[in-house]
Amino acid sequence: MGMRRARSHNRSAAKRWLLCVAVVVVCCSCLVTSVQAQTEPEYKMEVGAGAGLMNYLGDLNRSPLKGLKPMGGLVLKYKMNPRMAWSVGLNYSQLKGSSSDVTTWYPDLAEQPVDFKTNVVNFDVRYEYNFWPFGTGREYRGAQPLTPFIALGAGLVFAKCNDSQAGLQVPIGLGVKYKLKQRLNLTAEWMMHISSFDHLDGLKDPYGIKSSGLFKNTDCFGTLQVSITYEFMERCRTCHNDRED
């Protein structure tokens, strides 16, 4: 009986010892993860390039999927925190179209169809809001490597068709960001740019009806773009005000 009691006591002590060891291991693992999350650097800036498609919506085109033309551009971003960023973009494309492709009847174009070819340079500054904190999860606790986002901004558009024109434009849209590596990001986005002038197709008021208002009876253009950006300019590790959600 004494030997059985001793063995039972030894088993209980061994179990308690193993439980203590397991607790210590788990606590150490959590501490290491927390230290890694706090010491891996964050970066303030992103720079990169993108390519995609552009089309225009106006008197000679009513479909957002018709007349898509190749587009290329550059992008620079300032990340305020893992949820918010400012983006500066510069894109170029050449739009083409013809009045013979539309079913709408225009008095001035009934007997003499017109073709247009417009060089477009688009510059804008946008505010981006991520649905989830964006990151690897090691530089910012709770960050996700994949997040949708929405964007809204303002900018300028320069167009050259029959003559050179410039005007204001308001981009609004959405997209998805994916972190390829610690400092390399992939972004896919669709934006609609509402412009303040009616010259992207070289036509102005084909019905001859004058209208007033900054964005009334004007042309728009849409962009579908995929871009790759590289992060740089390490954020100060002791500055915590801009790390809050």
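Odds and ends about this structure:
- Taking amide hydrogens as placed 1.01 Å from N in the peptide plane, the amide H of Arg83 sits under 5 Å from those of Phe134, each at least 5 positions away in sequence or on another chain.
- Checked against a 28 Å cut-off, the cross-linked pairs Lys66/Lys179; Lys69/Lys177; Lys77/Lys181; Lys79/Lys181 give Cα-Cα distances beyond that limit for Lys66/Lys179.
- Taking a point 7 Å out from the Cα of Tyr129 in the direction of its Cβ, the residues of the stretch 167-199 whose backbone N falls within less than 20 Å of it are 170-178, 188-194.
- Residues Lys96 and Met45, FRET efficiency given R0 of 30 Å [Cβ-Cβ distance, rounded to 0.05]: 0.25
- If you take all other residues with their beta carbon under 12 Å from the beta carbon of Arg126, and give Lys and Arg +1 and Asp and Glu -1, the sum is -2.
- Backbone geometry of the stretch 84-97 corresponds, through the Karplus equation with coefficients 6.51, -1.76 and 1.60 at θ = phi - 60°, to 3J(HN,Hα) couplings of 10, 8, 9, 10, 10, x, 9, 10, 9, 7, 10, 8, 9, x Hz, x marking Gly and Pro.
- Percent of C-alpha pairs per 10 Å bin, the stretch 142-204, short to long: 20, 33, 25, 16, 6, 0
Read-outs: derived from the displayed coordinates by stated rules, not from any lab. None of the values given here were measured: they were computed from a predicted structure. As a convention, Cβ positions derive from the backbone with ideal geometry for all residues, glycine included, and neighbour counts pool all protein chains shown.
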